[in-house]
Amino acid sequence: MNQQGVRWTSEQVLALAPDDASRKAGSRLNTSGPWSDAGVNNAGVVWGLCRGSGSRPYQTVVDTSGPAYKCGCPSRKFPCKHALGLLLLWSAEDEAVRAGSAPDWAEEWLESRRERASEKKGEPGEGPSGAAADPAAARRRAELRAGRISSGATELEQRLEDLLRGGLAAVEREGYGLWEETAARMVDAQAPGLAARVRELGAVPGSGAGWPVRLLEECALIHLLDSAWLGRDRLPEPLAATVRTRVGLTSPAAESPVRDHWLILAQYDSSDARITTRRIWVYGRESRRTALLLSFGAAGRAPLLALPVGREIEAELIPYAGAVQLRAELGDRFGMPVPTGSPPPGGSTSTALDEYGRALRDDPWLDSWPVTLTDVIPVPDGDGWQLADADGGSALPIATAALSRSGLWRLAALSGGGPVTVFGECGHRGVTPLAAWSGDDPATITLV
């Protein structure tokens, strides 16, 4: 089948939307009415002219191998509603999207993308000015940053001591301002990982019954991270790499890129006042590795990296360092995303707990671990839900606070009381389902 014939489903298209408003607006453009001169070529490039409020139609083009988007509209969202509407029109195999050659305006954008990709590949180890990086200068910068982080970790230790000396009961009266000030000090110390943990710490007081226990637990983890950083020279290298990552020093490992056919399992965004973080989980068919792709966007803007959930793509991934590090960078791609054949292999709920426990042994600051559960049934459990092994072996609670109500009901409807396969994140509050499959149907049902 040529690449033009491999069409995405509407669900996969809508999974790329940066927010609910874009999904709704894009769905309204899923008709041939506002579109003209729409087409698709064998490389999977889709284009079209969309009538807007102005006198000239918006020129919209999507390279589905990225995917990457270009539109003449003023929207700062990626993809915009016009790109989503065009992809929905294409996914529906509407006759308005005809096979052909890309027009000049679309080809110009594609050529500029090819040139940028070529320049990027041709300049390894060089800075923006084209001059080779100075190893001695880079080493001095690294030493200076390490010194700042050590000063920040020492200051944070003093803050924790003051907190415990004054008693947890007084914390709730202090408000969030003091925590934000401490987090800002960690940012100044170039330790964004510590800053993020401090902000999370500030949200614990008054968060519901049992908050002092949760606060004490989080304080202990931060103390452990501070101590590990200050004593990192005495740690085994895999654990030291994990500590560097946790304080905010991330760098690709020296490991060779892993080329594989990667099943795109899930994609979801989380935001705070400063940044939007996109998490994309993938699974390698041959390597049997699970990897996490992270990308970031400024507040109010979606990250640029987006992959269609439920598809497979042949690509290289560059793993990061760390004892149980799953994060990787997406490298070269060798074709477009294509339909997948089956979900990844998995196991029982008890197997998932064992995997999570082993991962915690090597990375105590781990929030969750990716697991695939086979032959499980979602069932009510008091005020919540759980995923129970179909053979009655054991069960895991569903972290309903992290799963939307619509996602929970999609999972229950897919199961219909029967066993399903579920991919999700297993943590100390339970499992958060992200994707599911039913029986022999290879279609991925997204739950986030």
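Only one entry of 435, 401 meets the criterion of being in contact (Cβ under 8 Å) with a residue 12 or more places away in the chain, under 25 Å from residue 14 (Cβ atoms), surrounded by fewer than 15 Cβ atoms within 10 Å (Cβ to Cβ) and of a type in the set (A, V, I, L, M, F, W, C), and that entry is 401.
Kindly indicate the residue of the range 104-134 that is part of a helix (DSSP H, G or I) and of a type in the set (A, V, I, L, M, F, W, C) and also modelled with the lowest pLDDT among those meeting that condition. Only one residue tops the list, namely 117. A count restricted to the range 348-377 and to residues that are assigned to a strand (DSSP E or B) and either in the same structural domain as residue 91 (by TED's automatic domain parsing) or of a type in the set (Phe, Trp, Tyr) (or both) stands at 1. When every residue of the range 364-376 is checked against the conditions, at least one turns out to be of a type in the set (A, V, I, L, M), farther than 23 Å from residue 262 by Cβ and over 24 Å from the mean Cα position of the chain (by Cα).
Here is a yes/no grid of residues against (1) closer than 30 Å to residue 235 by Cα; (2) among the small types (Gly, Ala, Ser); (3) in the same structural domain as residue 392 (by TED's automatic domain parsing); (4) not in a strand (DSSP E or B):
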site: 270; (1), (2), (3), (4): no, yes, no, no
site: 288; (1), (2), (3), (4): yes, no, no, yes
site: 293; (1), (2), (3), (4): yes, no, no, no
site: 304; (1), (2), (3), (4): no, no, no, yes
site: 315; (1), (2), (3), (4): no, yes, no, no
site: 328; (1), (2), (3), (4): yes, yes, no, no
site: 331; (1), (2), (3), (4): no, yes, no, no
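Do we find a residue being of a type in the set (Ser, Thr, Tyr), outside the structural domain of residue 307 (by TED's automatic domain parsing) and modelled with pLDDT under 80 anywhere in the range 96-103? So far as the range 96-103 goes, no, none of its residues is of a type in the set (Ser, Thr, Tyr), outside the structural domain of residue 307 (by TED's automatic domain parsing) and modelled with pLDDT under 80. For the range 319-357, the set of residues classified as within 15 Å of residue 427 (Cβ to Cβ) and in contact (Cβ under 8 Å) with a residue 24 or more places away in the chain consists of 324, 326, 349, 352, 353, 355, 356, listed by residue number. One residue stands out in the range 220-243 among those that are buried (at least 19 other Cβ atoms within 10 Å of the Cβ) and in contact (Cβ under 8 Å) with a residue 40 or more places away in the chain: the one that is nearest to residue 155 (Cα to Cα), namely 226. Just name the residue that is farthest from the chain's Cα centre (by Cα) out of those in the range 59-95 that are at pLDDT 90 or above and among the small types (Gly, Ala, Ser). Among those that are at pLDDT 90 or above and among the small types (Gly, Ala, Ser), it is 85. Can you confirm whether residue 443 is in contact (Cβ under 8 Å) with a residue 12 or more places away in the chain and part of a loop (DSSP other than H, G, I, E, B)? Against the criterion (in contact (Cβ under 8 Å) with a residue 12 or more places away in the chain and part of a loop (DSSP other than H, G, I, E, B)), residue 443 qualifies.
To keep it simple, each residue is scored yes or no on (1) at pLDDT 85 or above; (2) crowded, with 16+ Cβ neighbours inside 10 Å; (3) of a type outside the set (D, E, K, R).
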| residue | (1), (2), (3) |
| --- | --- |
| 279 | yes, yes, no |
| 285 | yes, yes, no |
| 309 | yes, yes, yes |
| 336 | no, yes, yes |
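Across the range 317-326, the qualifying residues are those that are among the hydrophobic types (A, V, I, L, M, F, W, C) and part of a loop (DSSP other than H, G, I, E, B), and the one among them that is surrounded by the fewest Cβ atoms within 10 Å (Cβ to Cβ) is 324. Would you check which residues across the range 169-193 are modelled with pLDDT under 80 and surrounded by 12 or more Cβ atoms within 10 Å (Cβ to Cβ) and list them? 171, 172, 174, 175, 176, 178, listed by residue number.
The values are calculated or read from the model by the stated rules, or taken from the named source; none is laboratory data. Treat the numbers as computed from the prediction; the structure is a model and nothing was measured. Positions of Cβ are backbone-derived with ideal geometry, glycine not excepted, and every protein chain shown enters the neighbour counts.
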